[in-house]
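Worksheet: the structure to be examined is printed underneath.
The values are calculated or read from the model by the stated rules, or taken from the named source; none is laboratory data. Since this is a predicted model, take the numbers as computed values, not measurements. With ideal geometry, Cβ positions are generated from the backbone for all residues, glycine too; neighbour counts draw on all protein chains shown. The protein model used for the area step is the full one, side chains on, heavy atoms only, and it has no ligands, DNA or RNA in it. Shrake-Rupley method; radii C 1.70, N 1.55, O 1.52, S 1.80 Å.
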Amino acid sequence: MMILAFPDYLRQCNRIASRLNIPLVEIVLHHFPDSESYLRLPPSLPEHVIICRSLNQPNDKLIELLLCAKTAREFGAKRLTLIAPYLSYMRQDIAIQPGEAVSQRIIGNLLADLFDDVITVDPHLHRISSLSQAIPIKNAISLTAADEIGRFLKQKLENALLLGPDSESEQWITRIAHVTGFDYCIAGKERQGDKQVEITLPTRQYRNQPVVIVDDVASTGRTLGNTGKRLQAAGCKDIYAVVTHPLFCGDAETYILQSGVKSIWSTDSIEHRTACIGLDGLLAGAIKTIA
Ligand code: R5P
């Protein structure tokens with residue numbers, strides 16, 4: 001077995017490789033002036049190769065993944081495993097308006113054609129319950145970072161209320177509540193546009209109550225930020241936020257911090273300054289179950 005690491009996920013890959021005690025080779029990646037990608041892999045590969053990279057900024061990364069997987073097969077890989085802690089293109093699972101591309105199905109099928117196994121963490125699945133419905137292969141493995149997040153919060157805070165911004169967050173929050181022993185509640189969310197998000201807090205006492213807002217993804221930061229604003233207006237002073245995937249597009253981080261959130265924490269599914277919760281143990285454990 002060998003890990004092929006893209007440079008943007010190298011730090012995390014090194015930790016996975018040392019947990020599994022297997023060799024790691026960094027992929028040589030270059031971008032030409034017109035933004036075409038150049039990749040170089042070791043010209044001879046073992047039978048089982050693990051390719052690791054989160055698929056944020058997906059359009060470039062998916063092309064590079066295609067080049068990498070096809071080249072790895074040419075160089076001897078018989079079994080290809082993808083570890084993509086953040087998996088993009090999982091939201092559009094139906095055509096809401098006639099003519100829309102159902103990108104989840106198209107990208108899912110592309111990954112199924114390229115890989116024997118796909119491992120990801122907290123994928124954003126709406127209307128389907130299992131990852132294999134989106135990526136039709138035997139080992140389409142969806143992990144959750146809830147236990148890692150729970151253990152982190154438990155050693156960081158003595159007590160706090162966990163707050164999910166929408167009903168979808170309940171699946172993670174209940175597990176984090178179980179690990180931490182903290183109470184939890186779920187807010188109501190209505191999204192009118194990319195940056196138009198309305199949050200309604202459940203009625204309860206927030207004054208002098210530390211609160212951690214928990215979500216799977218922070219993209220524009222409006223969900224976390226507007227939840228923070230509501231909590232602040234309700235008298236809450238100690239507001240924290242934790243997410244699995246720190247996408248933080250544009251002004252997201254500033255917006256959240258200016259909305260009364262004191263600290264933002266995230267997993268290292270994507271390299272980011274808030275990434276303080278390692279996923280290497282979780283991902284290495286998943287490799288052990290399939291290898
Ligand atoms: C949506 O349902 C997700 O769970 C997140 O709440 C959402 O992706 C966050 O997006 P944003 O940061 O743009 O509000």
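Here are a few things to note about the model shown:
- Of the residues making up the range 179-194, those that are within 17 Å of VAL243 (Cα to Cα) and not aromatic (Phe, Trp, Tyr) number 6.
- Exclusive hit being β-branched (Val, Ile, Thr), in a loop (DSSP other than H, G, I, E, B) and within 16 Å of the ligand (Cβ to nearest atom), set THR244, THR220: THR220
- Checked against (1) open to solvent by 60 Å² or more (accessible area, probe 1.4 Å); (2) assigned to a loop (DSSP other than H, G, I, E, B); (3) hydroxyl-bearing (Ser, Thr, Tyr), SER259 passes all but condition (1).
- Matching residues in the range 236-255 - criterion: being under 21 Å from THR203 (Cβ atoms) and open to solvent by less than 10 Å² (accessible area, probe 1.4 Å): CYS236, ILE239
- Checklist (1) over 26 Å from GLN12 (Cα atoms); (2) assigned to a helix (DSSP H, G or I); (3) hydrophobic (A, V, I, L, M, F, W, C); (4) open to solvent by less than 70 Å² (accessible area, probe 1.4 Å) applied to ALA72, failing item: (1)
- The residue that is least open to solvent (accessible area, probe 1.4 Å), among those in the range 131-158 that are within 22 Å of ARG79 (Cβ to Cβ) and small (Gly, Ala, Ser), is ALA134.
- Among the residues of the range 159-187, those that are within 15 Å of the ligand (Cβ to nearest atom), among the small types (Gly, Ala, Ser) and crowded, with 17+ Cβ neighbours inside 10 Å comprise GLY164, SER169, ALA187.
- Residues of the range 245-291 satisfying the condition of being under 30 Å from LYS138 (Cβ atoms) and touching a Phe, Trp or Tyr at 6+ places or on another chain (Cβ under 8 Å): HIS245, LEU247, SER269, ILE270, ILE277
- Hits in the range 223-241 (condition: away from the ligand (no atom under 14 Å from the Cβ) and either among the hydrophobic types (A, V, I, L, M, F, W, C) or without any contact (Cβ under 8 Å) to a residue 24 or more places away in the chain (or both)): LEU231, ALA233, ALA234, CYS236, ILE239
- Odd one out for VAL212 among (1) open to solvent by less than 30 Å² (accessible area, probe 1.4 Å); (2) within 16 Å of the ligand (Cβ to nearest atom); (3) touching a Gly at 6+ places or on another chain (Cβ under 6 Å): (3)
- Scanning the range 262-285 for residues that are touching a residue at least 60 places away in the same chain (Cβ under 8 Å), open to solvent by 10 Å² or more (accessible area, probe 1.4 Å) and in a helix (DSSP H, G or I) yields ASP280, GLY281, LEU282.
- Looking across the range 50-66 at every residue that is aliphatic (A, V, I, L, M) and in contact with a Phe, Trp or Tyr (Cβ under 9 Å, 6 or more places away or on another chain), the one that is surrounded by the fewest Cβ atoms within 10 Å (Cβ to Cβ) is identified as LEU62.
- Candidates TYR38, TYR9, filtered to the one that is of a type in the set (Ser, Thr, Tyr) and part of a helix (DSSP H, G or I): TYR9
- Once the range 188-205 is narrowed to residues that are in contact with a helix residue (DSSP H, G or I) (Cβ under 6 Å, 6 or more places away or on another chain) and more than 7 Å from the ligand (Cβ to nearest atom), the residue that is most open to solvent (accessible area, probe 1.4 Å) is LYS195.
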